[in-house]
Amino acid sequence: MAVTETQIVELVDAFYAKIRADSVLGPVFDRAIAPESWPVHLAKMYDFWSSVMLTTGRYKGNPLGTHFKVEGLQPEMFARWLGLFNATAGELFPPEIAEDFRVKSERIAESLKLGLFFRPELGLMIRPSS
């Protein structure tokens, strides 16, 4: 069963509604995205997930560079992000589609977390100084 663009929009909208209401992640997103900029952010996320799930190539951006600028982002937040994302996918879609999103989201989260926080020369995970 293939994912559709409509499903991507549905997931992104429902997921970010949960993010904005979350007591831990909401404040981080509030600092990073001005209220009037949410439609632009959501449109980027539609393009991002379309590129990830459907290989459309619509997303033109640098997720790692963008996330380096996010004030207050910590490694442990990725587990919470994944929990909300996977729960949302599970609520919206049949198991096989939810699983496709889960696999991709876990790879993306791990890649971002390593890029942002892992410093092998120091043998630890840290938050780079700004």
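Some observations on this one:
- Taking the C-alpha atoms only, the angle from helix 38-54 to the longest principal axis of the chain is near 70 degrees.
- Computed over the Cα atoms of the chain, pair by distinct pair, the Kirkwood hydrodynamic radius stands at 15.5 angstrom.
- Per-peptide average of other Cβ atoms within 10 Å, ordering 100-110, 43-53 highest first: 43-53, 100-110
- In degrees, nearest ten, helix 77-92 long axis to first principal axis of the chain (Cα): 0 degrees
- Remark: spin-label model distance residue 117-residue 60 equals 3.3 nm, labels positioned 7 Å along the Cα→Cβ axis.
- The stretch 56-101: trypsin sites (Lys or Arg not before Pro) in DSSP coil with no more than 16 other Cβ atoms inside 10 Å: 58, 60, 69
- Qualifying GluC sites (Glu not before Pro) in the stretch 1-80, DSSP loop, other Cβ atoms within 10 Å at most 12: 71, 76
Coordinate-derived values only; no laboratory data. Keep in mind it's a predicted model, so treat the numbers as computed, not measured. Cβ atoms come from the backbone with ideal geometry, glycine included; neighbour counts cover every protein chain shown.
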